[in-house]
1. Given A:Lys92, A:Lys45, which one is at pLDDT below 95, surrounded by fewer than 16 Cβ atoms within 10 Å (Cβ to Cβ) and in contact with a Ser or Thr (Cβ under 9 Å, 6 or more places away or on another chain)?
2. Using beta carbons and a limit of 6 Å, which pairs, at least six apart or on different chains, have the first residue in the stretch C:190-212 and within 13 Å of chain B (Cβ to nearest Cβ) and the second one of a type in the set (A, V, I, L, M, F, W, C) and assigned to a loop (DSSP other than H, G, I, E, B)?
3. Scan the stretch C:207-227 and give yes if some residue there is over 14 Å from the mean Cα position of the chain (by Cα) and on the phi > 0 side of the Ramachandran plot, otherwise no.
4. Looking at (1) within 29 Å of B:Ile248 (Cβ to Cβ); (2) of a type in the set (Gly, Ala, Ser); (3) buried (at least 17 other Cβ atoms within 10 Å of the Cβ), which is the one condition that is false for A:Ser293?
5. Output the qualifying pairs, or none if there are none: Cβ atoms under 7 angstrom, residues six or more apart or on different chains, first residue in the stretch B:224-239 and among the hydroxyl-bearing types (Ser, Thr, Tyr), second residue assigned to a loop (DSSP other than H, G, I, E, B) and buried (at least 24 other Cβ atoms within 10 Å of the Cβ).
6. Let me spell it out: the conditions are (1) more than 9 Å from chain A (Cβ to nearest Cβ); (2) buried (at least 20 other Cβ atoms within 10 Å of the Cβ), and B:Gly118 meets all of them except one. Which number is the exception?
7. Kindly list, by first and then second residue, each pair from a residue in the stretch C:2-27 that is of a type in the set (Asp, Glu) to a residue that is outside any strand (DSSP E or B), limited to pairs with Cβ atoms under 6 Å and residues at least 6 apart or on different chains.
8. Could you tell me how many of the residues in the stretch C:149-161 are more than 22 Å from A:Gly209 (Cα to Cα) and surrounded by fewer than 24 Cβ atoms within 10 Å (Cβ to Cβ)?
Amino acid sequence: MVFRLNELAELVGAQLHGDASAEVSKVSTLQDADQGSISFLTNSKYRKYLKATSATAVILGEENLQDCPVNALVCDNPHLAYAQISAYMQPKPEPLTGRHETAWVADGAVVDVTAWIGPNVVIEDDATIGPNVHIGPGCVVEAGVTIGADSKLMANVTLCHDITLGERVLIHPGAVIGSDGFGLANDDGVWVKVPQLGSVLIGNDVEIGANTTIDRGALRDTVIANGVKLDNLIQIAHNVEIGENTAIAACTGIAGSTRIGKNSTIGGGVVVVGHLEFADSVHISADTLVTRSLKEPGYYSGNLPAAPNKEWRKTIAHIRRLDEMMHRLKELEKKLASQTDNDIDDA
Amino acid sequence: MVFRLNELAELVGAQLHGDASAEVSKVSTLQDADQGSISFLTNSKYRKYLKATSATAVILGEENLQDCPVNALVCDNPHLAYAQISAYMQPKPEPLTGRHETAWVADGAVVDVTAWIGPNVVIEDDATIGPNVHIGPGCVVEAGVTIGADSKLMANVTLCHDITLGERVLIHPGAVIGSDGFGLANDDGVWVKVPQLGSVLIGNDVEIGANTTIDRGALRDTVIANGVKLDNLIQIAHNVEIGENTAIAACTGIAGSTRIGKNSTIGGGVVVVGHLEFADSVHISADTLVTRSLKEPGYYSGNLPAAPNKEWRKTIAHIRRLDEMMHRLKELEKKLASQTDNDIDDA
Amino acid sequence: MVFRLNELAELVGAQLHGDASAEVSKVSTLQDADQGSISFLTNSKYRKYLKATSATAVILGEENLQDCPVNALVCDNPHLAYAQISAYMQPKPEPLTGRHETAWVADGAVVDVTAWIGPNVVIEDDATIGPNVHIGPGCVVEAGVTIGADSKLMANVTLCHDITLGERVLIHPGAVIGSDGFGLANDDGVWVKVPQLGSVLIGNDVEIGANTTIDRGALRDTVIANGVKLDNLIQIAHNVEIGENTAIAACTGIAGSTRIGKNSTIGGGVVVVGHLEFADSVHISADTLVTRSLKEPGYYSGNLPAAPNKEWRKTIAHIRRLDEMMHRLKELEKKLASQTDNDIDDA
């Protein structure tokens, strides 16, 4: 399919510089673009590719317009415009409805007629599958689960019993929602399981990455609010609450009962310990350990970046000698002070 | 179902303060509790909710009794009592037995008549499924696997060939037990696979979290001893041994051939390198890197907690200048020493 | 099956010391070996077991020959020789071909007659399955996927639509290849999905660990070159490229658009942020955070190893006081300088 630039500019409210009737049929990076491509500049690391691009048009911010050799769609938020135009240009596949011959659906499940239940899917009793829901191959939807309209499970997703998903929720393959929290009491060395009786509430417009796990609450529910976006291989422990529109990158773990605020971003590989409370608009760098509540909005970090091995070994050695350094510093201060005293005495 | 307080107090050996005939039907947090709820105080962070609780009774330690406005079950280990009472109060569902119509079981598999083989399960040849075992939807049990009595695989679990599970083992969705270890020899730049010929031995009463992976041994077996509890998204590499009643939190990785002792706890996001040996009763904080054997019981840590970004950048800058600081310190010491020498010379 | 030592020595080009006609039937560790075992010494930590081994023969390097009490196969790369001999000694199971009765294969899929489609497998339209490919139980192969000859998916693997696998690719259970990248544009607080239109290209001889996730590119493809080996629970984000023969250990995450070079090794639990470029032959220690491009080959580290808690708390306290230490150091320098000035003045 082919789109005119003026149509796309209008879609995103961009100012069009150049030939309004030029046509594009695909989105490409600046480097790969050729005639018929629309491209974008959203990360300054790629500015070097702008001048030589063969794209038909580029979506960019005002500040880069002067360097653009081709048609330009200028807007305040080029990343958003790119997302919107790219989505708009994709063909929309005919949605599937009905039930694949190999799916198994319990008699007591309520499945909307517009939903699709894919190959080898299992839907247990008392599950409720809303309108236009898409359940991909190999997914397991246990008893009592509710899935809101227009939600989509990709493949091999597991939804444990009695959890609730909002509308337009998108879950990538291998994710597990509603597994038991890690609740253990210690009986003289032996661990005794604490029953995990809560559930998981997933809001609307939530996206959950591949092989991410979200545990059910012990008593209260684990809550993922509207608009939250979770990347792959994330662990959300029992009773965690994540506020609206917060995004978390891959390999991060949030321990039990911690409350993350709204409009926050957490980088990849972050570890947040349990029972903390965060303000809204907290932003945490990749690979940071958080051991205290973060009561103020802002940016937080806490890890040392890689260095060449030799340099790093020196740094570690120094860190190990900090105690000694402090003592030597104090010793010097004392000596200097006594000297000065002597000087005074001498005077 | 309804339970009298004296029945529950007796169950856990608690001392009952208040109305022994009061009745409860559910467990709740201090904040959420209402009439008919039994609650508990096991973490001092929640002490603030005790005075205003509407629970019918609270399980707590002696030290909190004076602040309890309602009936109290006083005991030495309130967390354990809560776990036991909560489990006792849950209705026990009738166990399933037999085989779901969509399950596929190889002719050579031996399945106890009291076991349940759920929807879309695959059981391969020579697998042995013990009494009262429950295999949830989508699980794959490969050839030669043995599963002990009363064990439960939740959903989409994969047990690779020839591994052995003890009794009362509980495995959460998406876990993979017995995948090949990461064994590679380098042939002039090209990696050559080292056959992974060992197995995995899982003891009794082991719990394994969602999407956790445990690799089979290269020659010897990977061993998870009785009573070990593993959270979600944990990696246990080939030939690792984990001692009895050790608990490991989510997102932690233990590299090959390392031996973890008994009665230990390892926090979330920990990385333990290979070929180490740990004493029993070793406790490691979240997000710690362990590069040496820990021969003594005790508590170990090693990561810097998050700080506001500005402060953190300063800290990093200082750490990078430690070498310079040390030099300047030495320089000062030298100067001061030569001064003193001069003083002596002067004398 | 039984193998003569001279046959094995010839296979790997080793120099045989001892009885060339001695026979072995299995591979064992030095500690576990008995008559009929061939063992190996490839890690100096296990040298202590050499002198007392009961193996029939040991594969080792020249430098350990004098301590070997039994027959020896001496070679330059004992680890490689062990891998090759161990593989050679394993019985080769008859490969399966055809389609399990419970598999579902779309009419539009093209499956080579020599391939095996296992129980409960789903193969969607336009998938192409090459010769001798083995698809294990519960795997999902979505529409348009291409799998090259002799590749093997173990169990419950998900290959998302339109991705391409080379030949002899081995994928362990629960891995997800081709899930959407984490591409989000922010619209005044609300996240808008950036369509993920690229694919994943997996080269030949790639091995991918259990529950590892590899996202599809946003526009370009995510590329895993020939000979790459990925351990379990690794996250490879969209548009990442990993060069030939690079090996990455478990629990590591590589963020979007980063390019890892050839012949590199990355330890477990490493976090690499996005949009970086690495040279070839870069080696990164376990649990390191990488925030900058590594343009030079070499060894990189960046994390503090565990210490006993008491010691660690002191270290953290000192690190927090580095700013103060620096000030006190400067103060001393100033004082000493002014003293010296005074001395000079005095002169």
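The values are calculated or read from the model by the stated rules, or taken from the named source; none is laboratory data. On a predicted model such as this, the values are computed, not experimentally measured, just so you know. Cβ placement follows ideal geometry from the backbone for every residue including glycine, while neighbour counts extend to all protein chains displayed.
1. On the way: A:Lys92 fails: in contact with a Ser or Thr (Cβ under 9 Å, 6 or more places away or on another chain).
Among A:Lys92, A:Lys45, only A:Lys45 is at pLDDT below 95, surrounded by fewer than 16 Cβ atoms within 10 Å (Cβ to Cβ) and in contact with a Ser or Thr (Cβ under 9 Å, 6 or more places away or on another chain).
2. C:Gly203/C:Ala225; C:Val206/C:Val169; C:Val206/C:Val228; C:Ile208/C:Ala175; C:Asn211/C:Leu233; C:Thr212/C:Ala175; C:Thr212/C:Ile234
3. In the first step, residues of the stretch C:207-227 are kept if they are over 14 Å from the mean Cα position of the chain (by Cα); the result is C:215-223.
Narrowing further to those that are on the phi > 0 side of the Ramachandran plot: none.
For the stretch C:207-227, residues over 14 Å from the mean Cα position of the chain (by Cα) and on the phi > 0 side of the Ramachandran plot: absent.
4. Looking at each condition in turn, A:Ser293 falls short on (3).
5. No pair meets every condition.
6. The number of the failed condition is (1).
7. Between residues of the stretch C:2-27 that are of a type in the set (Asp, Glu) and residues that are outside any strand (DSSP E or B), the close pairs are C:Glu23/C:Val2.
8. Result for the stretch C:149-161: 3.
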